[in-house]
Amino acid sequence: MEKVVLNAEKRERTGKGAARSLRRKGLIPAVLYRGGSSMPIQLDKKELARFIHTTAGEHVMVRLQFRGAEDRLVLMKDYQVDPVKGDLLHTDFFEVSLSEEVRVTVGISTTGEPIGVKRDSGILQYGIREIEIQCLPDKMPSHIEIDVSHMEIGKSIHVGDLTMGEGIRVLTDPGELVATVTAPAVEEAAAAPITEVVEPEVIKKGKKEEETGQ
């Protein structure tokens with residue numbers, strides 16, 4: 001699978017004050033996890049932001065390159081951004097081994113326009129948009145792509161229908177719906193004819209009382 005190289009350095013200082021100081025210098029604080037241990041590190045903000053933008057949330061193998069130390073093979077676990085400014089604040093990585101399987105969640109994307117939509121004006125509806133898999137890191141796909149162009153109205157694709165590469169085990173329930181094509185909404189027939197409402201006759205009691213002298 002695709003690998004990206006990012007330069008990293010071990011971080012000596014921790015805490016909010018140290019993190020703010022790093023960001024002012026154009027660096028992003030991060031944590032590298034391995035088993036039950038963790039190591040604070042820092043990376044170049046522009047380099048890291050470009051990586052996050054180009055991968056768009058996909059799982060991509062990363063080789064963290066440390067000056068004067070051994071490189072680490074990692075996957076990005078999570079990242080945080082400022083809710084107001086949108087600036088990158090912090091990232092988490094977890095170290096992997098090419099000989100040990102990992103459990104990750106990968107996204108599902110579709111290609112093509114279903115024949116049931118193109119020809120019969122059906123509607124393509126989605127179920128789950130990601131699944132959990134287990135495999136060796138070098139077998140892990142960045143995402144899962146399915147072709148929906150053959151789908152007619154009434155046809156569905158479930159997790160169990162997905163074709164996975166060798167060595168990849170799907171952990172998500174095979175019965176989960178991924179996509180389906182439904183019939184177009186049926187417009188109501190002509191509106192029912194309006195029935196004329198006849199107002200009830202009002203008994204002019206007062207006038208009758210005058211006439212009868214009551």
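Can you put LEU88, LEU171 in order, fewest other beta carbons within 10 Å first?
LEU171, LEU88
Hey, got the Cα dimensions of the chain along the principal axes, in Å, largest first?
Largest first, the chain extends 117, 49, 29 Å along its Cα principal axes.
Between THR111 and HIS53, what is the FRET efficiency for a Förster distance of 22 Å, r being their Cβ-Cβ separation, to the nearest 0.05?
Between THR111 and HIS53 the formula returns 0.50.
Just want the answer: with Cβ charges of +1 for Lys and Arg and -1 for Asp and Glu, which residue in HIS53, HIS143, GLY160 is farthest toward the dipole's positive end in the chain?
Final value for the positive-end residue is HIS53.
Can you give me the Kirkwood hydrodynamic radius for segment 3-95, using every pair of distinct Cα atoms, in Å to one decimal?
13.4 Å
Taking every pair of alpha-carbon atoms in segment 102-182, what share in percent sits in each 5 Å bin, from 0 to the bin with the longest distance?
Taking every Cα pair in segment 102-182, the percentages come to 3, 15, 27, 21, 15, 10, 6, 3, 0.
Using 0.36 nm per residue of separation minus the Cα-Cα distance, give me the extension gain between HIS90 and LEU73 in nm, one decimal.
Taking 0.36 nm per residue and subtracting the Cα distance, the gain is 4.2 nm.
Check HIS143: other-chain or 5+ apart residues with amide H under 5 Å from its amide H, H built from backbone geometry?
Here the answer is none, since no amide H 5 or more places off falls under 5 Å of that of HIS143.
So for the chain: antiparallel DSSP bridges make up what percent, rounded to the nearest 5? List each step's numbers first, then the result.
Numbers: 36 of 50 bridges.
Here the share of antiparallel DSSP bridges comes out near 70 percent.
Place a point 7 Å from Cα of LEU98 in the direction of its Cβ. Which residues in segment 1-26 have their backbone N less than 17 Å from it?
Once the point is set 7 Å along Cα→Cβ of LEU98, 1-6 turn out to lie under 17 Å by backbone N, inside segment 1-26.
Find out how many positive minus negative residues lie around GLN134, taking Lys and Arg as positive, Asp and Glu as negative, among other residues whose Cβ is under 13 Å from that of GLN134.
Spelling it out: positives minus negatives among the neighbours equals 0.
State the antiparallel share, in %, of DSSP beta bridges confined to segment 3-95, rounding to the nearest 5.
Within segment 3-95, antiparallel bridges account for around 70 percent of the total.
Working out 0.36 nm times the residue gap between ILE146 and VAL5, then minus their Cα-Cα distance, what length gain in nm do you get to one decimal?
Fully extending the segment from ILE146 to VAL5 adds 47.9 nm.
Contour minus end-to-end for ARG63 and ARG24, with contour as 0.36 nm per residue of separation and end-to-end as the Cα-Cα distance? Could the numbers behind the result be given before it?
Working: separation 39, 0.36 × 39 = 14.04 nm, distance 2.52 nm.
Contour length minus Cα-Cα distance gives 11.5 nm.
As a quick test, which of the pairs LYS3/LYS85; LYS77/LYS118; LYS16/LYS46; LYS16/LYS45; LYS25/LYS85 have an alpha carbon distance above 28 angstrom in this structure?
Result: LYS3/LYS85; LYS77/LYS118 exceed 28 Å.
Just how far, in whole angstrom, is segment 87-137 from segment 14-39 if you go by their alpha carbon centroids?
If you average the Cα positions of each part, the centres end up 29 Å apart.
Rule-based calculations on the coordinates, nothing more; no lab input. If you're wondering where the values come from, they're calculated on a predicted model, not measured in any experiment. Backbone-built Cβ (ideal geometry, glycine too); neighbour counts: all protein chains shown.
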